[in-house]
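Q: Can you keep this structure in mind? I'll have questions shortly.
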Amino acid sequence: MPTLLFLGGIGAVVIGFFLCLAAAVNSLLPKKKASLAARVMSSDGEDDGPGGVRDQEKMQKSFLDRVIIPMASKYSKYFSSITPAKMVTNADRTIAEAGMQSKVTGIQLVTISWVLLGALPLFLGLLFLPHLAQGTVKLWVYIAILAFSAFLGYRL
């Protein structure tokens, strides 16, 4: 029973960490404020209401198109400064070979790779940390899990 409480506490800590991280990143981004006049002028006068045509069109798109690609576009300017040009060129070539030039750019793909390179080992490291503390997982296995998850996150 104490183990379940401990794992629940770790889960709450992990969720809290990601929420704090998202809030911190959001606070660092420049805010774009539209004036009331600009919002009124951009409105077309039609009220689709909840579940309107516009929302249905958005929901027809895949998760990749709705969430992942816009997120990668938003954060690509931060990762472009640490990314070698050769990586972006290789990613552009891979995208061209896959025939996905209209979906994603090289810097977006590299940004997704950088994010997964850090996020997957962090997630698995926190997941296996209680097992390491209890001694059910040896240190070398824990390090191997972190290394493999970093490699896997980059390659995904």
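The values are calculated or read from the model by the stated rules, or taken from the named source; none is laboratory data. Nothing here was measured: the structure is a model prediction, and the numbers come from that model. With ideal geometry, Cβ positions are generated from the backbone for all residues, glycine too; neighbour counts draw on all protein chains shown. When the accessible area is computed, the model is the full protein with side chains, heavy atoms only, and any ligands, DNA or RNA have been set aside. Shrake-Rupley method; radii C 1.70, N 1.55, O 1.52, S 1.80 Å.
Q: Which numbered condition trips up residue 61, out of (1) of a type in the set (Lys, Arg); (2) under 20 Å from residue 153 (Cα atoms); (3) free of Cβ contacts under 8 Å to residues at least 12 places away in the same chain; (4) surrounded by 11 or more Cβ atoms within 10 Å (Cβ to Cβ)?
A: Evaluating residue 61 over (1) of a type in the set (Lys, Arg); (2) under 20 Å from residue 153 (Cα atoms); (3) free of Cβ contacts under 8 Å to residues at least 12 places away in the same chain; (4) surrounded by 11 or more Cβ atoms within 10 Å (Cβ to Cβ) leaves (2) as the failure.
Q: Sticking with this structure for a sec: Do you know which of the residues in the stretch 79-106 that are open to solvent by 50 Å² or more (accessible area, probe 1.4 Å), β-branched (Val, Ile, Thr) and within 18 Å of the chain's Cα centre (by Cα) is nearest to residue 63 (Cα to Cα)?
A: Only one residue fits best here, namely 105.
Q: Same structure, new question: List pairs: first residue in the stretch 110-121 and touching a residue at least 60 places away in the same chain (Cβ under 8 Å), second residue crowded, with 20+ Cβ neighbours inside 10 Å and of a type outside the set (Asp, Glu) anywhere in the structure, Cβ distance under 7 angstrom, at least six positions apart or on different chains.
A: none
Q: While we're on this one: Given the structure, is residue 109 open to solvent by less than 90 Å² (accessible area, probe 1.4 Å) and closer than 23 Å to residue 15 by Cα? Please lay out each step first, then the result.
A: Values: open to solvent by less than 90 Å² (accessible area, probe 1.4 Å): yes; closer than 23 Å to residue 15 by Cα: no.
So residue 109 does not fit the description; no.
Q: Quick one: would you say residue 71 is open to solvent by less than 50 Å² (accessible area, probe 1.4 Å) and either not in a helix (DSSP H, G or I) or not β-branched (Val, Ile, Thr) (or both)?
A: Working: open to solvent by less than 50 Å² (accessible area, probe 1.4 Å): no; either not in a helix (DSSP H, G or I) or not β-branched (Val, Ile, Thr) (or both): yes.
The answer is no for residue 71.
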